[in-house]
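Notes follow once the structure below has been shown.
The values are calculated or read from the model by the stated rules, or taken from the named source; none is laboratory data. A quick note: this is a predicted structure, and the numbers were derived from the prediction, not measured. We place every Cβ from the backbone using ideal geometry, glycine too, and count neighbours over all the protein chains shown.
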Amino acid sequence: MLNLTPHAITLRTPAGDTTFPASGQVARVSTISTPVGVVVAGVRVVRNTYGPVTGLVRDPQGVPLPCIVSGMVLAALPAGTLNVYAPATGATAIRDERGQVIAVTELVAV
C-alpha cells in the first residue's frame, strides 16, 4: 500500500505492526475559505470547502491504487472511492505518553 502522507504510518494488528514509510509523494486537497460574517475573540470565522484532490496514483482505468492519505484528503473524496484509506486516529489509535499517535488499529474509508 502506498503511503501518500508526509510521515510513516504504522498499522497494529494481532499479527504485529506493519509500517508504511512515507513514499515521498503527498496527496493534497485545496481548501476554499469563505467568511461567514462572524468575528470571535477578534478573528473572523470562515467556512471551509474542499477543492480537488491531487497526488493520487491511479491505474490506467483511473482507479486509485491502494493508498493511505490524510483524513482531510479522504473527506474531500466522493463516497465510495475505492482503495483510498486514512488512519483512524480516534479512540482506537495507540498513543505515546505525550498523546502522539504511534500506531493505528483501523483504517477509514469513504
Residue in segment 11-29 that is farther than 21 Å from Ala93 by Cβ and either in contact with a helix residue (DSSP H, G or I) (Cβ under 8 Å, 6 or more places away or on another chain) or part of a strand (DSSP E or B) (or both) present: yes
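How about segment 33-46: which of its residues are part of a strand (DSSP E or B), farther than 30 Å from Val63 by Cα and not β-branched (Val, Ile, Thr)? Outline the logic, then answer.
Filtering segment 33-46 down to residues part of a strand (DSSP E or B) leaves 33-40, 43-46.
Narrowing further to those that are farther than 30 Å from Val63 by Cα: 34-40, 43-46.
Answer for segment 33-46, where residues must be part of a strand (DSSP E or B), farther than 30 Å from Val63 by Cα and not β-branched (Val, Ile, Thr): Pro35, Gly37, Arg44.
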Residue ID - farthest from the chain's Cα centre (by Cα), chosen from residues in segment 43-56 that are modelled with pLDDT of 95 or more and not basic (Lys, Arg): Val43
Scope segment 10-32; condition at pLDDT 95 or above, farther than 23 Å from Asp59 by Cα and in contact with a strand residue (DSSP E or B) (Cβ under 7 Å, 6 or more places away or on another chain); matching residues: Thr10, Leu11, Arg12, Asp17, Thr18, Thr19
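Looking only at segment 79-110, filter to residues that are among the small types (Gly, Ala, Ser) and in contact (Cβ under 8 Å) with a residue 24 or more places away in the chain; which one of those is nearest to Leu4 (Cα to Cα)? So that I can check it myself, show each step before the final result.
Quick first cut of segment 79-110, residues among the small types (Gly, Ala, Ser) only: 79-80, 86, 88, 90-91, 93, 99, 103, 109.
Checking which are in contact (Cβ under 8 Å) with a residue 24 or more places away in the chain leaves us with 79-80, 103, 109.
Details: Ala79: 19, Gly80: 19, Ala103: 16, Ala109: 15 Å.
Checking each candidate, the answer is Ala109.
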Breaking point among (1) under 19 Å from Val110 (Cβ atoms); (2) part of a loop (DSSP other than H, G, I, E, B); (3) more than 13 Å from the chain's Cα centre (by Cα), for Arg98: (1)
Residue match in segment 53-72 (condition: in a helix (DSSP H, G or I) and either among the β-branched types (Val, Ile, Thr) or touching a strand residue (DSSP E or B) at 6+ places or on another chain (Cβ under 9 Å) (or both)): yes
Extreme residue, nearest to Tyr85 (Cα to Cα), among residues of segment 1-57 that are surrounded by 15 or more Cβ atoms within 10 Å (Cβ to Cβ) and of a type in the set (D, E, K, R): Arg28
